[in-house]
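Reviewing the structure listed below.
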Amino acid sequence: MNSLFNLVIVVQVISAISIIGLVLLQHGKGADMGAAFGSGASGSLFGATGSSNFMSKSTGVAAAIFFSATLALSYISTQHGSGAVSGGVMDKALPAAPAPAPATGAAAIPTAPAAAPAVAPAAPAATGPAASIPK
């Protein structure tokens, strides 16, 4: 089952890279916006451009493969007996330090908190032209 998990990861990475490449290679719809305003072209600004071309269909197929691979990875990783992935990220985290045991007997009597030491107020800083004269 671990080899199936690795195969699905490879398919997902290849489809993600192909989606990135196909999207970057496509011609945007807003690229002819200046020509639509200046040349008196008919049609709406971002209207339908007719049938989709090969690039947009390929992007749709790659997206469908990517989503199905993502669902397959989710299904494989949630299976308890698969052995591909055991537990989540937080299950693999380091265990927290154990909490201290509650005190019993005389140590359990609450005491008043220690008083905070008093802080002397700071001397006001001199400002103005007299402050820059050395003494």
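The values are calculated or read from the model by the stated rules, or taken from the named source; none is laboratory data. Keep in mind it's a predicted model, so treat the numbers as computed, not measured. Note that each Cβ is placed from the backbone with ideal geometry, even for glycine, and that neighbours are counted across all protein chains shown. All accessible areas refer to the heavy atoms of the entire protein, side chains included, with ligands and DNA or RNA removed. Shrake-Rupley method; radii C 1.70, N 1.55, O 1.52, S 1.80 Å.
Miscellaneous remarks
- Of the residues F37, F46, the single one that is outside any loop (DSSP other than H, G, I, E, B), at pLDDT below 70 and open to solvent by 80 Å² or more (accessible area, probe 1.4 Å) is F37.
- Being assigned to a loop (DSSP other than H, G, I, E, B), under 25 Å from the mean Cα position of the chain (by Cα), surrounded by 10 or more Cβ atoms within 10 Å (Cβ to Cβ) and at pLDDT below 95 holds for only one residue in S77, S82, S52, S86, and it is S86.
- Summed over segment 55-73, the residues that are loosely packed, with under 15 Cβ neighbours inside 10 Å and modelled with pLDDT of 90 or more give a count of 8.
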